[in-house]
1. Take every DSSP beta bridge whose two residues both sit in the chain, then give the antiparallel share in percent to the nearest 5.
2. If the stretch 89-226 were replaced by its equivalent ellipsoid, with semi-axes equal to the square roots of 5 times the Cα gyration tensor eigenvalues, what would those be, largest first, whole Å?
3. Note the per residue figure in Å³ for the convex hull of the C-alpha positions in the stretch 1-64.
4. Hey, what's the stretch 443-486 come to in accessible area per residue, 1.4 Å probe, Å²?
5. Pairing the Cα long axis of helix 284-301 with the longest principal axis of the chain, what angle in degrees results, from 0 to 90 and rounded to the nearest 10?
6. When the chain is fully extended, how far beyond the present Cα-Cα distance does LEU24 get from TYR219, taking 0.36 nm per residue of separation?
7. Suppose R0 equals 25 Å; then what is the FRET efficiency for GLU229 and THR73 from their Cβ-Cβ distance, rounded to the nearest 0.05?
8. Taking the highest mean first, how do the peptides 80-86, 173-179, 363-369, 445-451 order by number of other beta carbon atoms within 10 angstrom per residue?
Amino acid sequence: MRYDAIVVGAGFAGMYMLHKLRGLGLSVRVFETGDGVGGTWYWNRYPGARCDVESMEYSYSFDDELQQEWEWTERYPSQPEILRYANHVADRFDLRGDIEFETRVTGAGYDETANLWRVATDRGDHEAKYLITAVGCLSAARIPDFPGVGVFRGPSYHTGRWPHEGVDFAGRRVAVIGTGSSGIQAIPVIAAQAEHVTVFQRTANYSLPAWNRPMEPEYAQWVKANYPEIRTTMRTSVSGVMSTYNSTSALEVTEEDRRREFETRWAKGGAAFLGSYGDIAVNPDANELTAEFVRAKIREIVTDPRVAELLAPKDHPIGTKRICIDTDYYATYNRPNVTLVDVRAAPIEEITANGVRTADAEYAADMIVYATGYDAMTGPLLGIDITGKGGLSLRRKWEAGPRTYLGLMTAGFPNMFTITGPGSPSVLSNMIVSIEQHVDWIAGCLDRLRADGVATIDADPAAEDAWVEHVNEVAGRTLYMRANSWYLGANIPGKPRVFMPYVGGVGAYREKCDQITADGYPGFVLSP
Ligand code: N01
């Protein structure tokens, strides 16, 4: 079939893109691997899965009736509630009719002569003038290639591919590998049910308390009454959230003031703690003071000093790996049924029929939970065999790391747009804010191209080079480069070490994109 636009993925990005393109009167088809909408929230059904952006801020802003009618029940939304919200949006805007579920896009090739994208799925081929990827940044789940993964006798699960029917841990010995956001959320919930949990930690992570609680109706009402201003604040902020950001240096204040500020933010909960001072992300001394406060909290909470020391991160600055937000994570190590294993000191050598064998011991388990993360940002795009002009494949073009103009397009792939692509703020922000900004920008662009009789748009290679350089330069001014994070591809053996998201802030980035629209798309090549 032939469409004006094909959208890949029916998460929050694909759903809103469909809605916008329909509004322009375009014919659109969305292809989605899962059998429902929701993207990341469709797949990540592990126990404890919850968003670390507050409910009132982690929602679409494009329709006032929608944001007024939906009632969030907790401060931070749980996965089931976000999935209900995604389904509500799909029903409300009648989106399902243009979404083909259980259909995986396997390839897409640009046909220069016809100026069309030919898109292959596992259920047939299609074509479209525009190809828009809405594949998410963290959707290519990854289990490390430990020898023996297939020989384990019991069931094993990746957090990002959790069975819909749930998992019963009662009476089971569970091995959990990985202590990123997913592991840190899942471990306390699993430990409350299982006979025993053995956690395999390679890198200790900084985690801040969520202090999640039922939604206060007065607060929800206040936000709803003030949504116009609140959404503007979020869109022009650094991370796309409402929280307050203190621009003073951590080094300019007295120890007593600093302690008070840290304690206040710790007691409030959530990632706003990292906004305590303006130089935490750039100044090693300011960062160390912040990190040490968190380590002291860990030592206070965890009763066994040896375990506390293992849990206290010392090998990377705070905030340079994605900050974790938890409920009872550190306190869980005070339970008699939880064991922490340091696999930095003695790495995992193999998975055996009976459990996990490290360099110095074998740990028996009935189940394995892989909370081992994703081939982030580029993985979902390179998982599709995409070829552009002259038969250039995206995998080849991005061999040394992703190259985009604004994270929206990559030169040589005309009429292809990447929602929250590498080179845009994406994972460093409230994803819904960044998704809406990209979708609005793309829809505005397509409308304008149509009005001006433009047949193709492509990124100018020179503008792309300059943007890539800018993305690197801004990241280079921060401490982000000092951690082996997935932002840098460091979790995937052999992946090029390139800082993928744009650290310049969603407000500044939006201004830049809007200016480009106003100036008639400099940095893009438009052909009639
Ligand atoms: O994945 P991760 P995640 N041997 O890559 C370990 C978002 N998210 O699914 O740090 C031993 O962070 C690895 O160790 P190391 C959020 O953006 C959001 O937890 O590489 N261990 C690490 O501990 C988040 O950042 C929410 O040394 C191995 C873990 O596995 C992103 O998703 C909730 C290993 C992977 O951690 C990804 O989080 C959940 C090996 N060979 C996720 N390989 C919220 O909104 C990997 N590990 C709250």
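1. 40 percent
2. Listed largest to smallest, the semi-axes of the stretch 89-226 are 37, 28, 16 Å.
3. In the stretch 1-64, the Cα convex hull volume per residue is 92 Å³.
4. 47 Å²
5. With rounding to tens, the tilt is 50 degrees.
6. 66.6 nm
7. 0.55
8. The most tightly packed comes first, giving 173-179, 363-369, 80-86, 445-451.
The values are calculated or read from the model by the stated rules, or taken from the named source; none is laboratory data. Everything numeric here is computed off the predicted structure, so don't read it as measured data. FYI the Cβ positions are ideal-geometry reconstructions off the backbone, even for glycines, and counts take in every protein chain you see. Heads up: the accessible areas ignore ligands, DNA and RNA and are worked out on the full protein's heavy atoms, side chains in. Shrake-Rupley method; radii C 1.70, N 1.55, O 1.52, S 1.80 Å.
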